Amino acid sequence: MLGITGADRDWVVVGSTPEAMAAQGFTPVGKDFPVFLHPQTHEEYALARTERKTAPGYKGFVVHASPEVSLEEDLARRDLTINAMAQAGDGTLIDPYGGQLDVQHQVLRHVTEAFREDPVRILRVARFAARFPGFKVAEPTIALMQDMVAAGEVDALVSERVWQELAKGLMAARPSRMLQVLRDCGALKKLLPEVDRLYGVPQPAEHHPEIDTGVHLEMVLDETARVHAPLDVRFAALCHDLGKGTTAKELLPRHIGHEQRSVTLLRNVCERLRVPVPCRELAEVVAREHGHIHGAMSFGAEALLRLLLRCDAIRRPDRFVRVLMTCESDARGRLGLQQRDYPQSAHLQNMLDAALSVDTANMSALAMEQGLSGMEVGQRIEQARVKAIAAALATMKN
């Protein structure tokens, strides 16, 4: 209906049993649910089922699958009406809950009150809003999500599931919509209080015409989506300014020292959500160094080398490219400045190329022959890199 080709097909089987499926050669794969793989196509076939809530969280369910469960009953347990449609083999649409109409009107609406039984659905609605930014969340659905948050359902979510849904939302077409929906229902304050605190916090107007730090963050995230950045860049963008939410009033709106506070808060987020190491490492470099990278055009050779070393750019040049991508999105995620030039990226890449041009293996061998110690060898290599960067700077000025 949306003109998007699906990656796979999932089948719902009505009127059958696990034994009957196995007798026809289907392979069971579901641990918690009766799901089977077709013997030839390997597509998933799930027995129609209903669920009953037995405990808080998304695992607190008892699943009931039997030949008596109808397709309509199975669809009733889905999260959104647009996900509660089915299509028969001959193309006939089964749409008992108005999903087609909601697709046409671009509405994200819960199917039944059963929605409240699974708090993961709050995250799913938020990431669907990010994936389909033209869709609006129905007011009754927002109200239901608010009730769920107030009832503490979000507190029962496990970190792995939160990260899984958060990552999908970050990789969507407009990640800012995910933050907006989570904030509207109160879940952002529960799941990412470090991000929620940024809204309403002022920044210097000469650098941030949008003023509000939360608005700036949304614009930066959407810029990373515009350039099709990978997940580690988008997560680094999400966390680059966390320290601004804890700036003392006397330091507003300049946020002096927010970089180190951002690193501390970032580590807390990563520990709580068990964020993958590549995302964690890139985000920490960006949080700590983005201000220095923005100001790098005025740096001399020694300062430039120190910056490259702090970013581990010489050892990990590929990651440094993504550091620069994040900083460029940060610079352009500002009201009226989305098309601004960002010469820092090319400049720092040129300086890194100059540093990497030093033949460290040959220098080390020669220094060792001269009887120099390890520390002295390192100092000689550093001096050579500073000289190479200085030469590159001189060439640019000429």
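Which is farthest toward the positive dipole end of segment 164-282 among P209, L166, V227, measuring Cα position about the Cα centre, with Cβ charges +1 (Lys, Arg) and -1 (Asp, Glu)?
Value computed over the given set: L166.
Quote the FRET efficiency, to the nearest 0.05, computed for H105 versus K397 with a Förster distance R0 of 56 Å and r equal to the Cβ-Cβ distance.
0.40
Quick one: the Cα spread of the chain along its three principal axes, in angstroms, biggest first?
On the principal axes, the chain reaches 84, 52, 38 Å in Cα extent.
Determine, for R9, R254, the number of other Cβ atoms within 10 Å of each Cβ, and report the residues in order from fewest to most.
With the sparsest Cβ surroundings first, the list reads R9, R254.
Rounded to the nearest 500, what is the chain's calculated 222 nm mean residue ellipticity when only DSSP H runs of at least 4 contribute -39500 (n - 2.57) each, over all residues?
Computed ellipticity for the chain at 222 nm equals -16000 deg cm²/dmol.
Where nothing but the Cβ of Lys and Arg (+1) and of Asp and Glu (-1) is charged, how large is the charge dipole of the chain around its Cα centre, in debye to the nearest 20?
Here the size comes out at about 1020 debye.
Where does each of F115, F33, F235 land when they are ranked from fewest to most other beta-carbon atoms within 10 angstrom?
Fewest-to-most Cβ neighbours within 10 Å comes out as F33, F115, F235.
Working out 0.36 nm times the residue gap between E382 and S66, then minus their Cα-Cα distance, what length gain in nm do you get to one decimal?
Between E382 and S66, full extension yields 106.6 nm more.
Output the 0 to 90 degree angle, nearest 10, between the alpha-carbon long axis of helix 317-332 and the longest principal axis computed from the alpha carbons of the chain.
80
Be a star and scan segment 209-226 for residues whose amide nitrogen sits under 20 Å from the point 7 Å along the Cα-to-Cβ vector of R254.
209-213, by backbone N distance to the label point.
Just to be sure I understand the model, the point goes 7 Å from the Cα along the line to the Cβ. What's the resulting T246 to K189 distance in nm?
My value for the distance between the label points is 2.0 nm.
Mind giving me the FRET efficiency for D10 and M368? R0 is 45 Å, r the Cβ-Cβ distance, nearest 0.05 is fine.
After rounding to 0.05, the efficiency reads 0.10.
Read the figures in this text as sums done on the coordinates, not as results from a lab. Predicted model only: the values in this text are computed from it and were never measured. Cβ coordinates were reconstructed from backbone atoms using ideal geometry, including for glycine residues, and neighbour counts include every protein chain displayed.
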